[in-house]
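The values are calculated or read from the model by the stated rules, or taken from the named source; none is laboratory data. Nothing here was measured: the structure is a model prediction, and the numbers come from that model. With ideal geometry, Cβ positions are generated from the backbone for all residues, glycine too; neighbour counts draw on all protein chains shown. The protein model used for the area step is the full one, side chains on, heavy atoms only, and it has no ligands, DNA or RNA in it. Shrake-Rupley method; radii C 1.70, N 1.55, O 1.52, S 1.80 Å.
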Amino acid sequence: MKITSTFASLLVCALGLATAVHGQQKKTTSILINPPGLPKLPTAEAAKEAAAAAGLNLTNIQGDIVVGMSKLFETFVFFSIADATTFKSKLRSDILPLITNAEQMLANETQPDTLVNIAFSQTGLTALGITDNLNDTAFQSGQLANAQTLGDPGTTNWVPQFTTGTIHGVFLLASDTQTSVNASLANVAAALGTSFTQVYTLVALARPGNQVGHEHFGYLDGISNPAIQGFDDNPLPGQASVATGEILLGEVNDTMTRPAWAKDGSFFVFRQLEQLVPEFDKYLTDNPIVESGLTVQEGADLLGARMIGRWPSGAPVFLSPLADDPALGANSSANNDFTYTAPNNATLCPFSAHIRKNRPRADLGAESKNTHHILRGSIPYGPEVTAAEAASNKTTIERGMAFTAYQSNIVTGFQFLQQTWMNNPNFFVKNNTGFDPVVGANHGAARWTEGNLDPINPTRNFTLVNDFVISRGGEYFFSPPLSAIATTLST
Ligand code: HEM
Ligand SMILES: *[C@@H]1O[C@H](CO)[C@@H](O)[C@H](O)[C@H]1NC(C)=O
Ligand SMILES: *[C@@H]1O[C@H](CO)[C@@H](O)[C@H](O)[C@H]1NC(C)=O
Ligand SMILES: *[C@@H]1O[C@H](CO)[C@@H](O)[C@H](O)[C@H]1NC(C)=O
Ligand SMILES: *[C@@H]1O[C@H](CO)[C@@H](O)[C@H](O)[C@H]1NC(C)=O
Ligand SMILES: *[C@@H]1O[C@H](CO)[C@@H](O)[C@H](O)[C@H]1NC(C)=O
Ligand SMILES: *[C@@H]1O[C@H](CO)[C@@H](O)[C@H](O)[C@H]1NC(C)=O
Ligand SMILES: *[C@@H]1O[C@H](CO)[C@@H](O)[C@H](O)[C@H]1NC(C)=O
Ligand SMILES: *[C@@H]1O[C@H](CO)[C@@H](O)[C@H](O)[C@H]1NC(C)=O
Ligand SMILES: *[C@@H]1O[C@H](CO)[C@@H](O)[C@H](O)[C@H]1NC(C)=O
Ligand SMILES: *[C@@H]1O[C@H](CO)[C@@H](O)[C@H](O)[C@H]1NC(C)=O
C-alpha cells in the first residue's frame, strides 16, 4: 500500500494528538505561566517532603486546589447530571483516570497535557444520592440564595444558567493551548455521553503579551496567596502560612465536623465577575489625585493603585507610594513583604484598598488571628478592550474575571470577605472608611469610599455611582478528594 506523505503526516499528527490527550507524552512546557512576581511553586521534592512530614497525601488532592494559580487557558464546563447511575459508573471508569492531582502539577514533565478537575454543587451531590452533610451552610444553600448577602443587585445581571438550579457540577480543563483544552472536553463528553448535559461553558485565558498574568484592569493578579503547611513549608517574606485545614476539609485546624470521605476536598467558589474596563479607566482619569509633581495621568494611575493597593506591576503602594516600581513588582521575595504597620494609618495604603480589605495583615494582629484565608486561582475571560470601546469609554463586549477560590469554609472565607469586609463601610479597623472601591458591592446602588484613598485630602469622599465589577453570578462547589471519586461519589 502506498502511503502519501500527506496521509503519513496526518497519521503522525493524529497519533501525536491521541498520546497527548491521554497524557502519556512527556510535556516540556507548563500549563502555568508562573510570572516572576508570583510565588514559585515548591519543587516536587520539597512538596513531597513537606507532605510526608504532615501526613498529607498529595496524590489524593485535586491539582487545581493547591497548584492552580496563573493558568494559560482554562475552560469551565458547568453540567447537569441526566442519568445518575450511568454518570457514576463512567465517573469511576473513564473520568477518574483523567483527574489531575496536586503532585502531578509540580513539574512540567509530570503535568498531563490538560488538567482535568471536577467539583459538585450541593444539588449535584443530592443528584448522586449523597445525603451526608458537608457542614457549610453557604455551600448547602448554593450561591443563588446568597446573592443578597453578597451585595448583588438581585440576579438581573446573572448568567441565566446560574439561576435555574440545574448546575450539578463543573469540569475545570486547563492547558497551555486551547486546542488541548477542547480535545480534552471532547474526550470527557464522549466518555459521559448522555449521562450528563453541558449547561454552560466559560472559556477563559491569560491576557496576551506584557499583560500575561494581569487581570483586565491591568494589575498583576495572584501575588498574595497563602502557603499551605504540609505542601509549602517555605513561605516567602510576607506570605501567610496557614494550617492545612484552612483550605482542605478534615485537616489540621478545620473547625467543622465532616464526613470522613470529604477529607482533603475543598470548597470551590466560582464567580463570573464582569469588569467594565473603559468605565474604570474613565473614572480614574476624571478623578485624579492632585499632588504636586504629578501629571494628571500620574494622578489617575495613583488613584487606581490606591484602590487596589498595588500598582500594575504588583508593587504594593505600601512600599512604593507614589509611582510603580516594576523591579519590586517582579520580585516575589520583596513584593509581599509588608504588614501595614509604621505608619498603620492610611497614608501609604488606604484602609479601603482591595488588598487591605481582603487581608488586613497586622491590622488584625498576628496572621494566625486571620481565619479568613482563601486560595485564589482566578483567570481572565473575554477579549482585550477594543479601540472603539476605549474611545467611547464604554464596554460593548463582555470581559472580566473567572474568579475562583478554594477554602474549607465558604461562610468564613469568600462570603465573609465579600460581605463583612469589602461591602462594609465600617471596616473593623476604622469606621466610615467606605466600600472596597473595586469589588465592594451595594446591591447596585451608589457606593462611597474614603478610607484615605486620597493621601493629600484624606476625608475626600469618592462617590462611585456605577459599579466597575458586575456580578454575573456563579455557584458554590465541593472539589472532592480522588478517593471519594473512586468510592462514595461513584457507587
Ligand atoms: C474582578 C474582580 C477582582 C479583581 C479585578 C481583583 C484584583 C486583585 C488584584 C489585582 C490583587 C492583587 C494581587 C494579588 O495579591 O493577587 C488582588 C488580591 C486579592 N483579592 Fe482580588 N480581585 C477581584 C475579586 C476578588 C474577590 C471577589 C475576592 C474575594 C471575595 C478577592 C480577594 C482577594 C484577596 C484575598 C487578595 C489578596 C490580598 C492579600 O493577601 O494581600 N478578590 N485582587
Ligand atoms: C517548564 O515550561 C515552561 C514553559 O511553559 C518553561 O519556561 C520552563 O523552563 C520549563 N521548566 C523546566 C524545568 O523545564
Ligand atoms: C493517596 O491517595 C491515592 C489516591 O486516592 C491513593 O491511591 C493512595 O492509596 C493514597 N496513599 C496513601 C498512602 O494513603
Ligand atoms: C474551542 O472550543 C470553543 C468553544 O466550543 C470554540 O469557540 C473555539 O473556537 C475552539 N478553539 C479551538 C482552538 O479549537
Ligand atoms: C490552629 O489553631 C490554634 C487555635 O486557634 C492556633 O493556636 C494554632 O496556631 C493553629 N495552627 C496553625 C498551624 O495555624
Ligand atoms: C458541624 O461541625 C460542628 C463543629 O464541629 C458540629 O458542632 C456540628 O454538629 C456539625 N454539623 C453537622 C451537620 O455535621
Ligand atoms: C528581591 O528582593 C530581595 C529582598 O529585598 C533582595 O534580597 C533581592 O536582591 C531582590 N532580587 C532582585 C532580583 O532584585
Ligand atoms: C500617619 O502617620 C505618620 C507617621 O506617624 C504621620 O506622619 C502622618 O501624619 C499620619 N497621617 C495621617 C493621615 O494621620
Ligand atoms: C471619554 O472620557 C474621557 C475622560 O473623561 C473624555 O475626555 C472623553 O471625551 C470621553 N469620550 C467620549 C466619547 O465620551
Ligand atoms: C464603629 O462604630 C461602632 C458603633 O458605634 C462601635 O461599636 C465600634 O467600636 C466602632 N469601630 C471602630 C473601629 O471604631
Ligand atoms: C460619603 O458620601 C456618602 C453619600 O454619597 C455618604 O453616605 C457617606 O456617609 C459619606 N461618607 C463619609 C465618611 O462622610
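Here are a few things to note about the model shown:
- Once both labels are positioned 7 Å from their Cα atoms along Cα-to-Cβ, the gap between Thr126 and Arg460 label points is 5.0 nm.
- Couplings for region 57-68, taken from phi via the Karplus curve 6.51 cos²θ - 1.76 cosθ + 1.60 with θ = phi - 60°, read 9, 5, 7, 9, 9, 5, x, 5, 4, 9, 10, x Hz in order; Gly and Pro are left as x.
- The aspartates and glutamates within cross-link reach of Lys48, meaning a Cα-to-Cα straight distance under 13 Å and a gap of 8 or more places when in the same chain, are Glu103, Asp232, Asp233.
- Three-way shape call for region 354-491 based on the alpha-carbon gyration tensor, with the a/c threshold at 1.5: oblate
- Overall form of region 50-152 per C-alpha gyration tensor (a/c, 1.5; a/b vs b/c): prolate
- Distance (nanometres) between label positions extended 7 Å along Cα→Cβ at Arg92 and Thr386: 5.1
- The share of Cα pairs per 5 Å bin across region 89-209, counted from zero up to the longest distance, runs 2, 9, 16, 18, 18, 16, 13, 7, 1, 0 percent.
- Estimated FRET transfer efficiency when R0 is 22 angstrom, pair Thr341-Ser241 (beta carbons, to 0.05): 0.75
- Between amide H atoms placed 1.01 Å from N, distances below 5 Å from Ala315 occur with Asp325, Gly329, all of them 5 or more places distant or on a separate chain.
- Derived scalar couplings between HN and Hα for region 240-251 equal 6, 10, 10, 4, 3, x, 6, 10, 9, 5, x, 9 Hz in order, rounded to whole Hz, by the Karplus curve 6.51 cos²θ - 1.76 cosθ + 1.60 (θ = phi - 60°), x for Gly and Pro.
- Mean residue ellipticity (222 nm) of the chain, computed from DSSP H runs ≥ 4 via -39,500 (n - 2.57), nearest 500: -6000 deg cm²/dmol
- 1.4 Å probe accessible area per residue over the chain, in Å²: 39
- Label-reachable residues, region 169-190, where backbone N falls under 20 Å from a point 7 Å from Thr28's Cα toward its Cβ: 175-180
- Percent of C-alpha pairs per 10 Å bin, the chain, short to long: 4, 20, 31, 26, 13, 5, 1, 0, 0
- In this rough spin-label picture, where each label sits 7 Å from Cα along the Cβ direction, the Ala82-Thr201 distance is 1.5 nm.
- Net length gained if the chain between Ser333 and Phe428 were fully extended (0.36 nm per residue, minus Cα distance): 31.3 nm
- Each Cα pair under 8 Å and six or more residues apart adds its separation to the average, and for the chain the resulting relative contact order is 22 percent.
- Probe 1.4 Å, all protein chains present, accessible-area order of Asp132, Asp264, largest first: Asp132, Asp264
- Taking the protein heavy atoms of the chain in the context of the full set of protein chains, the accessible area attributed to carbon and sulfur is 56 percent at 1.4 Å.
- For Asn287, the shell of other residues with beta-carbons less than 10 Å away shows a net charge of 0, using +1 for Lys and Arg and -1 for Asp and Glu.
- Residues Ser392, Ser320, sorted by accessible area with the largest first, give Ser392, Ser320 [1.4 Å probe; ligands and nucleic acids excluded].
- Computed over region 105-234: relative contact order in percent, which uses C-alpha pairs under 8 Å that are six or more apart: 25
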